[in-house]
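Here the structure is laid out as structure tokens; the discussion comes afterwards.
Nothing in this text is a laboratory measurement; each read-out follows from the coordinates by a stated rule. All values reported here derive from a predicted model rather than from experimental measurement. Every residue, glycine among them, receives a Cβ derived from its backbone with ideal geometry; neighbour counts consider all protein chains shown.
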Amino acid sequence: MAPKPKFQEGEKVLCYHGPLLYEAKCMKIEVKDGKVQYLIHYNGWNKNWDEWVQESRVVKNNEAGIQKQKELLKNHG
């Protein structure tokens, strides 16, 4: 049985690109080799940066996700 995606097409999410989380949008979903992948568009970035990512790189765009994003940014700089 195919895994159920945690995120929906069109959903606003946060996505890891390198060590930081960025605001993004889930454009498409596909299941490949039993793993869910998402086509991610980073908000404000050229569409050349759009990429397929594993579910482990995507975080809900909610209070907890935004808090994590702020912590990473603070610790990174």
The chain, relative contact order [Cα under 8 Å, separation at least 6], %: 29 percent
Long-range amide H partners of LYS28 with built H, under 5 Å: LEU39
Coil-residue chymotrypsin sites (Phe, Trp or Tyr not before Pro) of the chain, DSSP, other Cβ within 10 Å capped at 15: TRP45
Helix 63-76 vs. the chain, principal-axis angle (Cα, 0 to 90°, nearest 10): 60 degrees
Cβ-based net charge around VAL13, under 10 Å, with every Lys or Arg adding one and every Asp or Glu removing one: +3
For LYS35, net neighbour charge (Lys/Arg +1, Asp/Glu -1) across residues whose Cβ lies under 13 Å away: +1
At R0 = 35 Å, FRET efficiency that the Cβ-Cβ distance of LYS4 and ASN46 yields, to 0.05: 0.65
In order through region 44-56: 3J(HN,Hα) via Karplus (6.51 cos²θ - 1.76 cosθ + 1.60), integer Hz, x for Gly, Pro: x, 9, 4, 5, 4, 8, 4, 8, 7, 10, 6, 4, 5
Under 5 Å, built H, 5+ apart or other chain: amide partners of TRP45: none
Computed [θ] at 222 nm, deg cm²/dmol, the chain (DSSP H ≥ 4; -39,500 (n - 2.57); rounded to nearest 500): -6000 deg cm²/dmol
Derived scalar couplings ³J(HN,Hα) [region 12-27; Karplus, 6.51 cos²θ - 1.76 cosθ + 1.60; whole Hz; x for Gly, Pro]: 7, 9, 10, 9, 6, 9, x, x, 10, 9, 10, 5, 8, 9, 7, 8
Neighbourhood net charge (12 Å Cβ-Cβ; Lys/Arg +1, Asp/Glu -1) for ASN61: +1
Amide H contacts of GLU51 (H built 1.01 Å from N, under 5 Å, at least 5 apart or other chain): ILE40
